[in-house]
Amino acid sequence: MLSNSSKYAIKAVLFLALNSKDNKKIMVKDISEPINVPQAYIAKLLQELSKKNIISSSRGPKGGFYLSNANMDNSLMDIINIIDGEKRLQACVLSLEKCNLEKPCPLHELVYPIKTKFIKVLQDRTIKEFSTLIKQGKVFLPF
C-alpha cells in the first residue's frame, strides 16, 4: 500500500524526530546510513518535505534537517500525501480503475475496512505520537 519512497520518508522523519532539535540539525549523510537509504534518494525526499513544511531545514556550516515543535504535529498521512499523492492509499488493491463501493473488486470487502482503519490512524496520529511510542519501546525502528 505504501511506496518505497513513502516508507523511506517516514523512516527519515521519525529518525529526525528522535535525533534532531532546533539546535541539533542533521545532515543527509548522517540520516541515510542509519535508515539504509541511498543519500541522493533521501536528500530528494527530505527536500520535498521541507518545501511543504513537514520538516525544517537550514543551510550553512551548521545546517541540516530537523523537526520543530510545529513539525512534530504533522501526521504520517501528511508525509504520504506529499510523497505519493492523496490517491495512492485509496487505490484498488488489484489496481482496477473503477473499483468502488458500488462496483467492488473481488478483494474490496476484505481490504476496505482494514484500509479505512489504517488511513484513519495515519491521519489522526502525529509524528510526535509515533516518536513517543518508539522512545517508550512500544514499537521499534532499528536506529
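Read-outs: derived from the displayed coordinates by stated rules, not from any lab. Not measured: the values here are computed from a predicted model. Note that we place each Cβ from the backbone using ideal geometry, even for glycine, and neighbour counts take in every protein chain shown.
When we measure straight from the Cα of Lys98, which lysines land under 17 angstrom away, once same-chain ones fewer than 8 places off are left out?
Lys87
If each residue of separation counts as 0.36 nm, what is the full-extension length gain between Glu109 and Lys135 once their alpha-carbon separation is subtracted? Show your work: numbers first, answer last.
Numbers: separation 26, 0.36 × 26 = 9.36 nm, distance 3.61 nm.
Answer, rounded to one decimal: 5.7 nm.
Can you give the local net charge around Leu101? Use residues other than it whose beta-carbon is closer than 14 angstrom to its beta-carbon, Lys and Arg +1, Asp and Glu -1. Could the numbers behind the result be given before it?
Details: positive: Lys98, Lys103, Lys115; negative: Glu102, Glu109.
Combined, the nearby Lys, Arg, Asp and Glu give +1.
Could you tally the net charge around Lys7, taking each other residue with its Cβ under 13 Å from the Cβ of Lys7, Lys/Arg +1 and Asp/Glu -1?
Working: positive: Lys11, Arg88; negative: Asp84.
Summing Lys/Arg as +1 and Asp/Glu as -1 gives +1.
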